[in-house]
Structures are given as structure tokens and as C-alpha cells.
Amino acid sequence: MITTEQTIRNFLDFFRECGHEHIPGGSLIPPPGDPVLFTTSGMHPLTPYLRGLPHPSGRRLTGVQRCLRTTDLDEVGDDTHLTVFGMLGSWSLGDYGGSRSLRWGFELLRDGFGIEPDLLSVTVFGGGGGVEPDHESWRTWGELGVPVEPTTDENWWSNGPTGLCGPDSEIFVWTGDGPPQNTPTTDDRWLEVWNHVMMRYVRHPDGSLEPLRRPGVDTGLGLERLVRVLRNTRSVYEIDVFHPWTDTLPRIWGPLDELSLRVLSDHLRSSIVVVGDGVTPSPTGRGHILRRLLRRSLTTLWRDDPTRTLSDLPLELVDHTLDHFRQTVRPDVLRPILLDEERKFRLLLERGRKILSHSRFTDPLTEDDYHYLHDTHGLPRDLVLYLTTEAGDH
């Protein structure tokens, strides 16, 4: 069966043969001036070049970028969402257009990865907001014989309320039993794997769109999702890069239900990558996201056994994750950061238990109680809910 590393190599080799220069992936920390906390796509480090600045490696680029999306945190644990993931990408900086990009994408999925064309479906921008439908993409997919579903907002990509934007075309693979049914927007058995963005405009603060002098194409193909399709697994947690996690955690901590195993595998793995890029836990910003990941891991871990500890994590497991994401920090340097946050969280839980044992909190908590506990004692709602559930279980 194809491995994740083979998938990366096949993707990069294909685009090299198509004249693209490989560029190394960057940190999860976005470049200065980018408003997001973390790099959420492969195009973030390339924003100045998509806007027209010449890139030192040329006008055709390819690479794999580690990404983190805070918007997906509550989805983690299902079959497809991860906090930190790999994004395979290809870019045209004013070179070829959208049709060429879509044709290469179809060729790679069909011939390079062996996905049957009958299992593919796509969405395209059907027009809206004063912008014409993406006729070029629509026509290209028709010539390739792939079913097309037009949408509006779902197929308009933007980097925020202002800045780069344009129509996109998303490629879906059927993951259900039997022949494909319905359309990508009406049936979640269609799994989105690859988005091709036709970077054609800059949106100004007044809402107006200015055509780019040099339109480009930005594509992002979810690595773990693609490997899930190629290995025909039920979820992304069953692909090869997660095997060390899903095999090791039950061995060191005992039986874990499926959701807990997925959350722990994702959140601890993601925490390692975030720390590997220089972030430490803190009350705000990037450090707050890291703290959320670790504390959710710990509350999941302690639900059945409060004696479990992150010190049980083998260094080999940490090293495996750092190596996969091409990070150079040593595992023994990273581990104390995780253990210090665990220590602080244990102390906070002890303080929270004492506060909630006060007679004021014997009745069900009100909104005023939650505000008081947060504003006066620094206990966030999710922590209070955890403690009250803990008390109810005992």
C-alpha cells in the first residue's frame, strides 16, 4: 500500500516534470503582516508573490506545507479533520491559467494515483456578487467528463475581507459504498481533497474588486485525506503516519474509546508540531491555541485515570512526528514544555475544585456563576464544565 512519504514524492515528482521548482515548506508561524495566527494553507508564505513580486525560484512552484486551522478544532475526532496537517501545493505565478491546472490535477489523480475518474466530482463558482461564473473551469471539467456542480459562496476563495481572492474549483472523491450518488454539497460521502484557486482579484476595503495584473493559480491538496483515499481507510487516523500514535497510546495508557484515541493522537501530535515551531503555552494568541490543545488532551486523558501523565510519551513517538514534519528541534528539548504545562494545569484544577466546593455552587450553575468564575478566578467555562462533570461522575 502506498505510504504518506510515497504520496508526497509522487506529487512533487509529477509537478517537477511539469516544470515546477520545489520550494521547502515553512513554519506554522505566518510571515509578518499576515493577520492569521497560524499558516492555514500553502499560499500564505507566497502571498507577496501571488500579488506580483517575482519569486527567486521562478513562476512555477510546488511543495508541501504544514498547516494549522483553528476553525477545525471542534471537528477533530471525525473521519476527516485534523488540527495540524500537510498541504500539497502547486502554484502558477502569472504563468499558466486555471484550465491547465485543472487538467494536470485530473491527470495526476487518474494516472499518477490511480483514482477512477468515475469516482470524481467537482464544484465550480457559479457566479455571484457581481462576478461572472467561472466559465473556463466549467468548460474544462466538461471536456474531461467530470460531473460539475455550480455553487456561489462555497467556491469563492478569499484571504479575508480584503486582499487576494478569486473563484475556485474543488475536487471531490467518492468514499461511500457502491456507485457515487448525489452531489458534493448534498452528500458528505464526497470527500474534498484538492482545491484550485484562480487568483484573479484583490478586494479593497470598500468592497471593490481590482483584477490582478498577473493572475495566478494556487492549489492545495490535503495530504492525509488523499492518503486515506489511496489506502481506502475509514478515516485519516488509520493511515500510516498515525499508526505509531494509535498503537502506542493504548499500550501506555490502557484502553481508550475511539473518539478519545483520535483526539489524543491529533492534539498531542499537533502540540508537538506547534512547540517545534517555537510556540510555548500562554494565555493569548498562538500560545493560547497550544494551551487549548494540551488541556483538552489532558482532560480526555484523565477522564478515566487521573494518574496518566504526558511523561509516559516515548521520545521515539515525539521524534517520529518531528521527523515527518521536517522539524529540527530535539525531543528532549520539547518534552519539558509539555510537562510544565501539565503541572500548571493540575494546579489550576486543584484550585478550581476548591472554589467549586463552596456552598455558593451547590445548585446548578447560572450564567452569572460562569462569568464570576471566569472574571474573578480565571476559570474558563470549559474547565468549569469539566470539573462539574468530574464531580457528578464521582
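The values are calculated or read from the model by the stated rules, or taken from the named source; none is laboratory data. Since this is a predicted model, take the numbers as computed values, not measurements. Reconstructed Cβ throughout: ideal geometry from the backbone, glycine too, with neighbour counts over all protein chains shown. For accessibility, only protein heavy atoms count, side chains too; no ligands or nucleic acids. Shrake-Rupley method; radii C 1.70, N 1.55, O 1.52, S 1.80 Å.
Answer yes or no as to whether R262 is more than 18 Å from V36 (Cα to Cα), touching a residue at least 40 places away in the same chain (Cβ under 8 Å), among the charged types (D, E, K, R) and crowded, with 16+ Cβ neighbours inside 10 Å.
Against the criterion (more than 18 Å from V36 (Cα to Cα), touching a residue at least 40 places away in the same chain (Cβ under 8 Å), among the charged types (D, E, K, R) and crowded, with 16+ Cβ neighbours inside 10 Å), R262 qualifies.
Out of the stretch 213-240, which residues are touching a helix residue (DSSP H, G or I) at 6+ places or on another chain (Cβ under 8 Å) and more than 23 Å from G176 (Cα to Cα)?
Those that are touching a helix residue (DSSP H, G or I) at 6+ places or on another chain (Cβ under 8 Å) and more than 23 Å from G176 (Cα to Cα): G216, V217, D218, T219.
Would a scan of the stretch 120-141 turn up a residue that is of a type in the set (D, E), under 26 Å from the mean Cα position of the chain (by Cα) and at pLDDT 95 or above?
no
For the stretch 339-394, how many residues meet the condition of being more than 23 Å from T280 (Cβ to Cβ) and among the basic types (K, R)?
4
Testing L298 on (1) farther than 30 Å from V173 by Cα; (2) at pLDDT below 95; (3) touching an Asp or Glu at 6+ places or on another chain (Cβ under 7 Å); (4) open to solvent by 10 Å² or more (accessible area, probe 1.4 Å), one condition comes back false. Which one is that?
L298 satisfies every listed condition except (4).
Checking the condition open to solvent by less than 10 Å² (accessible area, probe 1.4 Å) and more than 15 Å from the chain's Cα centre (by Cα), which residue from G285, G216, G278 passes?
From the options G285, G216, G278, the qualifying one is G216.
Answer yes or no: is there a residue in the stretch 233-253 that is assigned by the TED database to the domain that holds T321, surrounded by fewer than 19 Cβ atoms within 10 Å (Cβ to Cβ) and at positive phi.
The answer is no; no qualifying residue exists.
Run down G63, G89, G52 and say which single residue is surrounded by 21 or more Cβ atoms within 10 Å (Cβ to Cβ) and touching a residue at least 60 places away in the same chain (Cβ under 8 Å).
It is G89.
Restricting to the stretch 340-359, name every residue that is open to solvent by 50 Å² or more (accessible area, probe 1.4 Å) and either outside the structural domain of L293 (by the TED database) or in a helix (DSSP H, G or I) (or both).
Hits for the stretch 340-359 are D340, R343, K344, R346, L347, E350, R351, R353, K354, S359.
If you check every pair at least six apart or on different chains, which have Cβ atoms under 7 Å apart with a residue in the stretch 7-30 that is in contact (Cβ under 8 Å) with a residue 40 or more places away in the chain and under 24 Å from V229 (Cα atoms) first and a residue that is loosely packed, with under 15 Cβ neighbours inside 10 Å and basic (K, R) second?
The qualifying pairs are G25/R326.
Looking at the stretch 173-211 only, could you name the residues that are of a type in the set (S, T, Y) and surrounded by fewer than 19 Cβ atoms within 10 Å (Cβ to Cβ)?
Passing the criteria: T183, T185, T186, S208.
Within the stretch 360-381, which residues are in a helix (DSSP H, G or I) and either surrounded by 15 or more Cβ atoms within 10 Å (Cβ to Cβ) or in contact (Cβ under 8 Å) with a residue 12 or more places away in the chain (or both)?
Once the filter is applied, which keeps residues that are in a helix (DSSP H, G or I) and either surrounded by 15 or more Cβ atoms within 10 Å (Cβ to Cβ) or in contact (Cβ under 8 Å) with a residue 12 or more places away in the chain (or both), the stretch 360-381 yields F361, D369, Y370, Y372, L373, H377.
Within the group V273, V279, V318, which residue is out of contact with any Ser or Thr (no Cβ under 7 Å at 6 or more places or on another chain), closer than 25 Å to R228 by Cβ and assigned by the TED database to the domain that holds L338?
V318
Of everything in the stretch 301-339 that's free of Cβ contacts under 8 Å to residues at least 24 places away in the same chain and open to solvent by less than 60 Å² (accessible area, probe 1.4 Å), which residue is nearest to D257 (Cα to Cα)?
Checked the stretch 301-339; the qualifying residue nearest to D257 (Cα to Cα) is W302.
Output the residues belonging to the stretch 176-203 that are of a type outside the set (D, E, K, R) and under 22 Å from the mean Cα position of the chain (by Cα).
P184, T185, W190, L191, V193, W194, N195, H196, V197, M198, M199 - these are the residues of the stretch 176-203 that are of a type outside the set (D, E, K, R) and under 22 Å from the mean Cα position of the chain (by Cα).
Could you go through the stretch 141-164 and let me know if any residue there is among the polar types (S, T, N, Q), surrounded by 14 or more Cβ atoms within 10 Å (Cβ to Cβ), farther than 30 Å from L37 by Cα and in contact (Cβ under 8 Å) with a residue 40 or more places away in the chain.
Scanning the stretch 141-164 turns up no residue that is among the polar types (S, T, N, Q), surrounded by 14 or more Cβ atoms within 10 Å (Cβ to Cβ), farther than 30 Å from L37 by Cα and in contact (Cβ under 8 Å) with a residue 40 or more places away in the chain.
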